[in-house]
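A quick write-up on the structure given underneath.
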Amino acid sequence: MNFRLTAILLGVVALALLGMLAFLFLSPDKAMPDLALETLAGVKADEIDTVEIKRTRPKAETLIFTREKGGPWTVREPEARLDQASVNDLVRDLLAARPTTHPDLTDDPKPLGLEKPSIEVTLRTGADRSATLRIGNTTLGGARAATFVATGSDPARPFAVATTSLSALFKDGATVEGEAWKHAKDLADFRAKALFGMGGTSLTDAKALKLKRGKASLSLTKDATGAWVFAEPAGLGDADVNGDSAANSAVFTGVRPLLLYLAGLQVSSPADFLEDVSKADEKKFGLDPDDPAVVRIDFTPPKGPTEILYVGRKVDEKAVPTVYYAKRLGDSAVVKVRTDQIDVLAKTIADPDALRNRDLLSDGDRENVDAIDLTVGKATVSLRKVVRGKQKEWVLLGGTGEPPVANPRAVDDLVKALARPRVIVTFPPPPFDAAFAPAEVKCVVTAWANGLDAGGKPDAKPKGKPIVLTFGKTDGDRVFVKKESGGRTAVGTVPAPLLAAVAKSRFDFLDPKIPSFATNSIVRLAYNKGSVQIELEKDDKPNAEFPLGKWAWTKPDGLKGKTADAMKVRALLAVAATLSPGKVVAENPTEADWKRFGLDPKAGPRLKVAVTPKAEKELVYEFGTETADKAYVYARHTDGTLVYTIPRVVYDRFQTEDLAAESAVPKREVAPAPRPHK
């Protein structure tokens with residue numbers, strides 16, 4: 001055979017091989033479909049409305065999961081709540097499963113466990129489209145493990161799929177090789193482990209909650225404003241939402257912690273679901289609804305029916321954490337639940353007082369309160385939070401002219417005092433008439449949250465229902481307070497110092513707005529020491545000798561032209577620049593008031609301080625007589641009519657400060673240092 005003929009033969013063989021490869025890769029393989037459930041190709045997981053799982057071993061049973069469009073998965077029989085994610089994962093796995101090669105795959109279904117498969121799963125969408133997957137044996141091998149399957153439409157054609165692609169069908173951690181029933185999930189594996197929260201509803205979004213044990217009952221509802229209110233026992237008013245984080249675990253003190261606890265109640269594993277429990281066994285487990293020791297929990301979600309759970313006896317007295325038998329109404333299984341809080345729940349039912357709202361103003365009210373009327377005796381202070389310029393500020397109604405800006409710190413202190421968390425100490429039993437008799441009422445606070453329209457007039461009547469707080473009789477270190485809010489009334493006692501923080505007058509909220517200045521901007525200082533007038537002026541050109549500028553006297557005549565100590569002058573100016581008032585004592589003083597305060601314009605004040613900033617108008621401060629306690633003097637600035645108190649040390653400083661550049665104390669002569677010995 002010559003080389004030419006050999007080359008021709010090799011070429012023919014190569015072409016044949018290429019043709020075979022092209023056939024293998026490009027032509028469809030009748031024995032290897034693209035999808036395990038080929039007849040549902042293109043169907044999306046959320047379009048499947050029925051899942052049917054038939055088992056033949058260890059006993060014949062059928063599970064049928066159904067759902068309405070957009071609704072949760074439910075099971076027809078037996079009654080059970082399903083874990084929505086587990087069913088959805090199963091649907092996605094089956095729709096995505098793809099055949100694979102495996103060395104044990106044959107055309108004979110018998111050795112593959114497919115002659116009489118122990119598991120069949122059917123998916124349906126609508127009434128006329130479905131597909132069934134018959135599940136045979138499973139091999140071991142980790143990620144390379146395979147499960148042999150066939151379709152209901154062609155049961156004689158076996159193929160293999162990766163076991164990992166059917167993980168939602170098999171129990172977690174399953175390692176059994178062989179027939180599918182040995183490691184396929186049963187109903188307990190598809191059950192919802194959480195004992196509350198149908199359809200994924202957050203428990204904190206509940207609209208009602210009822211707890212009952214024996215004759216004791218505790219019922220809470222959420223009103224239209226989102227507040228939790230006691231329906232039972234009657235007359236307890238609002239419930240506390242957040243509770244006391246510092247409280248011990250003897251009882252629940254807040255609705256949110258209680259709901260979060262219930263949200264965490266769940267079954268630990270499928271083995272903790274006890275199926276086919278008789279009524280006699282339920283009684284033995286302490287789950288008879290009429291058993292006085294059973295704890296009944298009714299949870300009502302925002303939508304849908306109320307969910308009811310019974311918690312019975314302990315499974316094991318020595319188990320840590322404690323394990324209890326429990327059962328949901330409408331569920332066929334009794335469960336074992338691990339929790340150490342059932343005794344705490346029972347104590348809360350027996351003593352619901354711990355759940356009562358102990359706030360006068362909630363956090364939300366504190367942030368949104370924009371109108372306050374504060375009545376002490378016959379005088380009412382009206383505070384309103386309005387927009388001025390680009391920001392909101394509190395103003396005081398009443399008086400003459402434009403409502404003045406209120407002292408922001410004073411208003412903030414008032415709101416903080418009222419919004420102090422859990423400030424109510426006790427809820428004494430009625431009657432309360434004597435505690436709020438007219439002679440006992442010390443103060444009434446009426447507060448509106450979001451009561452003013454944006455851009456509205458300050459004196460407009462606030463809208464909505466206010467919170468009314470009436471402070472009544474003082475009893476030792478406590479004060480009775482009545483809270484009226486949302487059509488409900490609660491009476492409690494608060495620490496006595498709170499009354500002092502709340503019972504304020506109009507003067508307490510007036511802002512003196514004492515003008516301040518930068519000390520280095522002042523070029524003239526004038527004040528009096530008794531009848532002696534002191535005036536100093538500054539040469540505002542610093543030099544090496546006077547780095548702060550040169551201050552010199554212009555009055556009195558005996559000091560005229562002499563240099564003052566610039567540091568001392570600057571320190572005295574700082575006293576005037578940082579005046580801190582004690583309280584306002586008059587808003588529009590009468591002639592008699594001016595005389596009483598020692599600020600009579602005709603007689604002149606005891607001390608008058610004038611400072612002149614460079615290129616600006618003069619600022620004048622006047623100081624009058626002492627207050628009764630001698631700790632303050634009355635004062636004012638001439639830009640306003642308010643009279644306020646200033647610590648007396650300010651007045652004394654101007655009367656005693658020596659601004660001389662040289663000390664009046666004679667210098668001590670210093671002996672010359674001895675010469676060193678040669």
For this session: Would you list, by chain and number, the aspartates and glutamates whose Cα falls below 17 Å from the Cα of LYS560, excluding same-chain residues fewer than 8 positions away?
Result: GLU535, GLU537, ASP539, ASP658, GLU662
Problem set entry | Cα centre as origin, Lys/Arg/Asp/Glu Cβ charges: the chain dipole, Debye | 1960 debye
Exercise. What are the ³J(HN,Hα) values, in whole Hz, obtained from phi via the Karplus relation 6.51 cos²θ - 1.76 cosθ + 1.60 with θ = phi - 60°, for each residue of region 429-444 in sequence order, with x given for Gly and Pro?
Worked result: x, x, x, 10, 4, 5, 6, 10, 4, x, 6, 8, 6, 9, 6, 10
Exercise. Between rounded, prolate and oblate, where does region 484-604 land on the alpha carbon gyration tensor, with a ≥ b ≥ c its root eigenvalues, rounded for a/c under 1.5, else prolate if a/b exceeds b/c?
Worked result: prolate
Exercise. Listed here are the pairs LYS513/LYS614; LYS210/LYS283; LYS185/LYS318; which of them are more than 25 Å apart at the Cα?
Worked result: LYS185/LYS318
Problem set entry | Protection proxy ranking of 274-285, 594-605, 330-341 - average other beta-carbon atoms within 10 Å, highest first | 330-341, 594-605, 274-285
Exercise. If we sort 319-328, 381-390 on the protection proxy, mean other Cβ atoms within 10 Å, highest first, what's the order?
Worked result: 319-328, 381-390
Problem set entry | Cross-link table LYS568/LYS617; LYS461/LYS483; LYS541/LYS568; LYS385/LYS617; LYS222/LYS390, entries beyond 26 Å C-alpha to C-alpha | LYS385/LYS617; LYS222/LYS390
For this session: Name the long-range amide H neighbours of VAL523: under 5 Å, sequence gap of 5 or more, or other chain; modelled H, no Pro or chain starts.
Result: THR612, LYS614
Exercise. Going by average Cβ neighbours within 10 Å, how do the peptides 148-157, 625-634 rank, with the highest at the top?
Worked result: 148-157, 625-634
Exercise. For the chain, with the dipole built from +1 on Lys and Arg beta-carbon atoms and -1 on Asp and Glu ones, taken about the Cα centre, which of LEU414, THR106, LEU133 lies farthest toward the positive end?
Worked result: LEU414
For this session: Could you please state, rounded to a whole Å, how far the C-alpha centre of region 95-162 is from the C-alpha centre of region 379-423?
Result: 75 Å
Seminar exercise, completed: Scalar couplings 3J(HN,Hα) for region 118-125 by Karplus 6.51 cos²θ - 1.76 cosθ + 1.60 (θ = phi - 60°), nearest whole Hz, x for Gly and Pro, are 7, 9, 10, 10, 10, 10, 10, 10
Seminar exercise, completed: Among SER485, TRP551, ALA250, the residue whose Cα sits farthest towards the positive end of the charge dipole of the chain, when +1 is placed on the Cβ of each Lys and Arg and -1 on the Cβ of each Asp and Glu, is TRP551
For this session: Excluding residues fewer than 8 places away in the same chain, name every one of the lysines whose C-alpha is closer than 21 Å to that of LYS69.
Result: LYS44, LYS303
Exercise. [x] 3, 15, 25, 26, 18, 9, 3, 1, 0, 0; [y] 2, 11, 13, 12, 11, 10, 9, 9, 8, 7, 4, 2, 1, 0, 0; [z] 3, 12, 21, 23, 18, 12, 6, 3, 1, 0, 0: which one is P(r) over Cα pairs in 10 Å bins from 0, in percent as calculated from this entry?
Worked result: [y]
Problem set entry | Inter-centroid distance (Cα atoms) of region 499-517 relative to region 219-272, Å | 41 Å
Exercise. What list of ³J(HN,Hα) values in whole Hz, one per residue of region 499-510 in order, does the Karplus curve 6.51 cos²θ - 1.76 cosθ + 1.60 (θ = phi - 60°) give from phi, with Gly and Pro shown as x?
Worked result: 4, 5, 6, 10, 6, 10, 9, 4, 4, 5, 9, 6
Exercise. Using the Cα gyration tensor of region 424-522, with a ≥ b ≥ c the square roots of its eigenvalues, what is the shape: rounded (a/c below 1.5), prolate (a/b larger than b/c) or oblate (neither)?
Worked result: oblate
Exercise. Can you list the residues, at least 5 places off or on another chain, whose amide H is less than 5 Å from the amide H of ASN357, using H built in the peptide plane?
Worked result: ASP238, ALA239, ASP240
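Throughout, read-outs are computed from the coordinates displayed, never taken from laboratory work. Not measured: the values here are computed from a predicted model. Because the Cβ atoms are built from the backbone with ideal geometry, glycine has one as well, and the counts that use them run over all protein chains shown.
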